[in-house]
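Okay, so here's the structure we're looking at.
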Amino acid sequence: MSNESGRRSVLIVEDNELNREMLCAMLEDRYHVYQAENGKEGLEVLQKHYRNISIVVLDVQMPVMNGYEFLKVVKEDELLKEIPVIVATGSNDVEEEERCLELGATDFVVKPYKRNIVLKRISNIIRLRESASTLREVEYDDLTGIFTRQAFFHHAQRVLRENPDVKFTLAISDIQDFTLVKERYGTKVANELLLQNVALMRRAQVENYIYGRYDDNQFVVIAPSSERYMETRRKNKGALTLPLPEEGVAVLKFGVKRDVRHDIPVREHCRHALMALDTVKHVYGQNYAWFDDNMQKFYDRRVAIERSMVNALKRDEFQIYYQPKHDSRTGRLVGAEALVRWTHPEFGFLSPAEFIPVFEQTGFISEVDFYAWKRTCQNQRKWQERGLHIVPISVNCSRSELLQNDFLRKWFKPIKDNMLSPECMHLEVTESLFSEQLDRLAKVLRECQQRGVKIELDDFGTGYSSLSMFQLLPLDLVKFDMAFVKGLDNPRQAQVMAACVRLVRSLGMEVTAEGVETSEQLYKVKRMGIDTVQGYYYSHPLPKEEFEKFLV
């Protein structure tokens, strides 16, 4: 970095006046020199003139704030840590050097100073640093021209430090489904969308605010709290949108952290805003979420679940429950669905609604799905040996698992090992699996059918259902989601469901209704021509021992 005169600048932080003057004399004909007599003063100079300062020469032993403390503060600042520091030492203490290097020091010079060595080391480090990158590249985002994440942390922390009595609010925005936007419209349009987001932030700015690009499609802003501004946002029922070609729009979602504490690092407040953002990311009609302590508890619990899930599999903490399926006309048991349950050593019985989303987001769901498949195959073998009535049992299979190259070998091995007929095992897949790589997934499922395993489509009707999947995918059975059954009192919804049932049956597939809880619901789905039902009317999901009573 150079100052207005075009010369690069060096900051000397040294408490000994003689040594400081000696260094100044060595450097001032080549560099502009800033001086400070202790770490605290040096830090203030660095924070004020960081854009100009190319390198710091730092003494270790100083009053008020020593060199170690200076290095620690600089290391924790995402922007200042980019400025190289040469430590001046009067000894050959290896431990001192190791400690300084751990704290981010770049190099060392030994006292008493030797002019040529000092000049060459400073020159070499500046040249290497400037050939690799400039501080401006670290500070400003190339596309949008606003602060990078590191620079935002630095400047936001500075604003908090300089305004201890002011209340601040921090928010992170996210362009929903940005990856899909990029795929459909291309990089140029996606980049224009990002620039629109920046422009939107600038139009809505509050005085004295700082904003930055937090991630690929996420932006962060911190500003003095404005109740009027936040109340307007809170009451905004419609989504904030950005225009796309062909009359399309992209929706903006926001996670907000109010009353930002000045004594907590900005990165921590950003983490809280992201927690809030996660709660509305894929929720229709909800575009803002405010962080609260319950989110922190939820996050801590989620982290605990992630940390314990692998060992839980090794320790057999997961249990396989079975929910019976019955013929809608005769009530006879005709099948079951395998469901995973977890009794956590710390939290006790966990709801699948809590741990399944964690497994899906981490990819661990593949391991758990196969565990359920393997255990069910083993149980089917034991029930056969005991002479019990065997019915086909469906097991969920994740998209990531289906796309594995060794899927067929891996999943058919437990069938072979337990000498089972493939007809007694069904694979259950969901609509959401088929947004991409449809041909490849269809091929794998078709090979499963050819080997005797039937394919069930689960949760039909919960998402943006496409009837075209019935002609594209090899399916044997379609399960209508419980939302259909619960809405049967609505004549229009009942008509839609009846029409879908007729279509599915005309294509030669069986139909199951989930969530049947009353005799009235059973009567209605039976009249529609639904083959089998699953729900509390007949049974809750049961542990293996209880389910066996249905097999007698």
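Mind giving me the FRET efficiency for residue 286 and residue 330? R0 is 51 Å, r the Cβ-Cβ distance, nearest 0.05 is fine. In this case the efficiency is close to 0.70.
With respect to the chain, whose longest principal axis is taken over its alpha-carbon atoms, helix 407-417 is tilted by about 50°. In terms of overall dimensions, the C-alpha atoms belonging to the stretch 278-352 reach 52, 39, 16 Å along their principal axes, ordered largest to smallest.
Restricting attention to the stretch 257-375, the count of lysine pairs at 8 or more positions apart or across chains with alpha carbons under 23 Å apart stands at 5.
In the chain, the longest principal axis of the Cα atoms and the axis of helix 187-203 are about 60 degrees apart. Each of residue 124 and residue 51 was given a label point 7 Å from its Cα along the Cα-to-Cβ line. The distance between the two points is 3.2 nm. Taking the square roots of 5 times each eigenvalue of the Cα gyration tensor of the stretch 134-190, largest first, gives ellipsoid semi-axes of 30, 17, 6 Å. Shown here are the Rg and Dmax of the Cα trace of the stretch 454-545, at 13.1, 42 Å.
Per DSSP helix of 4 or more residues, -39500 (n - 2.57); summed, then divided by the residues of the chain. What does that give at 222 nm, rounded to the nearest 500?
That comes out to -13500 deg cm²/dmol.
Computed over the stretch 390-539, the range of Cα coordinates on each principal axis works out to 47, 34, 24 Å, biggest value leading.
By its C-alpha gyration tensor, with a ≥ b ≥ c as the square roots of the eigenvalues, how is the stretch 45-124 shaped: rounded for a/c under 1.5, else prolate for a/b larger than b/c, else oblate? Note, shape of the stretch 45-124 comes out oblate. May I ask you to give the average projected area over all directions of the convex hull of the Cα atoms of the stretch 26-88, in nm² rounded to one decimal? Projected area, direction-averaged: 4.1 nm². Using the average count of surrounding beta-carbon atoms within 10 Å as a protection proxy, the listed peptides 356-363, 77-84 rank, highest first, as 77-84, 356-363. When a/c reaches 1.5 or more, the comparison of a/b and b/c decides; with that in mind, is the stretch 1-107 rounded, prolate or oblate per its Cα gyration tensor? Oblate is the answer for the stretch 1-107, as a/c is 1.5 or above yet b/c matches or exceeds a/b.
Solvent-accessible surface of protein heavy atoms, probed at 1.4 angstrom with all chains present, puts 428, 367 in the order 367, 428, largest first.
Here the ratio of the Cα radius of gyration of the chain to 2.2 N^0.38 Å is 1.32. The residues of the chain expose, per residue, 51 Å² of accessible area to a 1.4 Å probe. Counting every pair of alpha carbons in the stretch 387-458, the share spaced more than 18 Å apart comes to 35 percent. Note on the stretch 289-410: the alpha carbon radius of gyration divided by the globular reference 2.2 N^0.38 Å gives 1.26.
Taking a quarter of the surface of the convex hull around the Cα atoms of the stretch 343-438, what do you get in nm²?
Spelled out: convex hull of the Cα atoms, projected over all directions, averaged, 7.8 nm².
Rounded to 0.05, the FRET efficiency of the residue 405 and residue 319 pair, given R0 = 30 Å and the Cβ-Cβ distance, is 0.50. A simple spin-label model places the labels of residue 113 and residue 61 1.9 nm from each other, with each point 7 Å out along Cα-to-Cβ. Counting only DSSP beta bridges with both residues in the chain, the antiparallel share comes to about 50 percent. Could you tell me how many degrees, from 0 to 90 and to the nearest 10, lie between the Cα long axis of helix 519-528 and the main elongation axis, the longest principal axis, of the Cα atoms of the chain? Roughly 80 degrees between the two axes. Taking the stretch 335-365 and a reference point 7 angstrom along Cα→Cβ of residue 307, the backbone N atoms nearer than 18 Å belong to 344-348, 355, 358-359, 362.
The values are calculated or read from the model by the stated rules, or taken from the named source; none is laboratory data. Here the structure is a predicted model, which is why all the values come from computation and not from measurement. Cβ sites come from the backbone with ideal geometry, for glycine too, and all protein chains shown count toward neighbours. With ligands, DNA and RNA removed, areas are computed over all heavy atoms of the protein, side chains included. Shrake-Rupley method; radii C 1.70, N 1.55, O 1.52, S 1.80 Å.
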